[in-house]
Amino acid sequence: LTVDLTGQVCSDSLGFLFYSGIGGQVDFVRGAALSRHGKSIMTLPSTTEDGTKSRIVPYPEKGSGVVVTRGDVHYVVTEYGAAFIHGKSIRDRAMALINIAHPKFREELLEAAKQQGYVYKDQIVPVALYPKEYETHFTDKKGEAIFFRPAKPTDERMIQDLLYSLPKQDVYTRFFSNLMAFPHTIAMPFAAIDYDDKMAIVAVIGREDPEGKEKIVGVGRYYRNPSTNYAEVAFTTHTAWQNRGVGTFLLGYLIRIAREKKIKGFTADVLASNPHMLQVFTHAGYSVTSHLDNGIYELKIPFETESPI
């Protein structure tokens, strides 16, 4: 009937009104978890039949009984996606469940999560529908399969893991600063996007892992400047996955999306000491103009005219 933001499942009552018996639900859930590679999956519509109430709720309604505990659930599924919550922190659980709630209730659920201390006070969750049509697959130069998809708010922790895995030189070439830490304030903008003016595509491996341990090995993103209709673009790729075509694919894919969004072109700042990234931009298939200022190339890539490369 309802699932709260920590993963507690209410199945037999709506408040003090008993709707049904418990039945064999707990047996099925625990039996699934005890099976080899088994997973318990709770499915429910995101709203009531009339669409007036969310069935992903901040907390169980007074009087509602918790039938399945938050520790027993692996996946919660609505028509807006699947949330893997097993073994996750309360913050990660809340973010994952808000992300599969009906879009018209997400802001309300996010505010409740903030008031309950589950998420950061400045946390952002997109109301726009996740653009599944931008999911795609790519095989890199070493024959490894990579899944590319738009970033989700729940990717923040994996993006932090990617940033912490970078060597100091890569951190400097990406951020133009010797950052030592990547807290929420730095990682959130990579994942808190609107899929229009702000877009990010992540490169994911490990989707087939039975424990659900995905890993992000690259991320490319752009931000549209409304005054110019140009978007600033930047990339980050795990060291082990560099020189394998990931950055080139990310740029080409972001260009395709940006053109669909009627963006005129990209701009980018690249250190003169980063020739590999300069090469990625100059071989993107479009004319590139550059201006060198204090060791930084300011690039401009209009989409109107394609380069003869």
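Filtering the range 157-178 down to residues that are without any contact (Cβ under 8 Å) to a residue 40 or more places away in the chain and surrounded by fewer than 15 Cβ atoms within 10 Å (Cβ to Cβ), which residue is nearest to the chain's Cα centre (by Cα)? Residue satisfying both the conditions and the ranking: Y164. The set of residues in the range 1-34 being open to solvent by 20 Å² or more (accessible area, probe 1.4 Å), farther than 28 Å from G87 by Cβ and part of a loop (DSSP other than H, G, I, E, B) consists of F16, Y19, S20, G21.
Has the range 230-237 got at least one residue that is open to solvent by 60 Å² or more (accessible area, probe 1.4 Å), of a type outside the set (F, W, Y) and out of contact with any strand residue (DSSP E or B) (no Cβ under 7 Å at 6 or more places or on another chain)?
no
Could you list, in sequence order, the residues of the range 80-128 that are farther than 30 Å from G38 by Cα, without any contact (Cβ under 8 Å) to a residue 12 or more places away in the chain and not in a helix (DSSP H, G or I)? G117, K121, listed by residue number. Just a yes or no: is a residue in the range 55-65 open to solvent by 30 Å² or more (accessible area, probe 1.4 Å), touching a Leu at 6+ places or on another chain (Cβ under 7 Å), among the basic types (K, R) and assigned to a loop (DSSP other than H, G, I, E, B)? Taking every residue of the range 55-65 in turn, at least one turns out to be open to solvent by 30 Å² or more (accessible area, probe 1.4 Å), touching a Leu at 6+ places or on another chain (Cβ under 7 Å), among the basic types (K, R) and assigned to a loop (DSSP other than H, G, I, E, B).
Among the residues of the range 185-201, write down those that are in a helix (DSSP H, G or I) and either open to solvent by 50 Å² or more (accessible area, probe 1.4 Å) or more than 17 Å from T236 (Cα to Cα) (or both).
T185
Considering the range 144-156, the residues that are part of a loop (DSSP other than H, G, I, E, B) and charged (D, E, K, R) include one that is surrounded by the fewest Cβ atoms within 10 Å (Cβ to Cβ), namely E144. Would you check if there is a residue in the range 133-143 being crowded, with 19+ Cβ neighbours inside 10 Å and either on the phi < 0 side of the Ramachandran plot or out of contact with any helix residue (DSSP H, G or I) (no Cβ under 6 Å at 6 or more places or on another chain) (or both)? No, the conditions are met nowhere in the range 133-143. Can you tell me which residue among V204, V280, V270, V217 is touching a residue at least 24 places away in the same chain (Cβ under 8 Å), in a helix (DSSP H, G or I), on the phi < 0 side of the Ramachandran plot and open to solvent by less than 30 Å² (accessible area, probe 1.4 Å)? Only one candidate qualifies: V280. Mind checking whether some residue in the range 35-52 is open to solvent by less than 60 Å² (accessible area, probe 1.4 Å), among the polar types (S, T, N, Q), at pLDDT below 95 and touching a Gly at 6+ places or on another chain (Cβ under 8 Å)? No, every residue in the range 35-52 fails to be open to solvent by less than 60 Å² (accessible area, probe 1.4 Å), among the polar types (S, T, N, Q), at pLDDT below 95 and touching a Gly at 6+ places or on another chain (Cβ under 8 Å).
Just to be sure, is S64 modelled with pLDDT under 95 and more than 26 Å from the chain's Cα centre (by Cα)? Yes.
For E304, the conditions (1) of a type outside the set (V, I, T); (2) free of Cβ contacts under 8 Å to residues at least 40 places away in the same chain; (3) farther than 27 Å from P153 by Cα are fulfilled apart from (2). Among the residues of the range 245-267, the ones that are in contact (Cβ under 8 Å) with a residue 60 or more places away in the chain, on the phi < 0 side of the Ramachandran plot and either aromatic (F, W, Y) or surrounded by fewer than 22 Cβ atoms within 10 Å (Cβ to Cβ) (or both) come to 4 in all. Can you tell me which residue is farthest from F105 (Cα to Cα) among those in the range 66-79 that are open to solvent by less than 30 Å² (accessible area, probe 1.4 Å) and outside any loop (DSSP other than H, G, I, E, B)? For the range 66-79, the residue satisfying everything is V68.
The values are calculated or read from the model by the stated rules, or taken from the named source; none is laboratory data. Note that the structure is predicted; figures quoted are calculated from it, not measured. Because the Cβ atoms are built from the backbone with ideal geometry, glycine has one as well, and the counts that use them run over all protein chains shown. The protein model used for the area step is the full one, side chains on, heavy atoms only, and it has no ligands, DNA or RNA in it. Shrake-Rupley method; radii C 1.70, N 1.55, O 1.52, S 1.80 Å.
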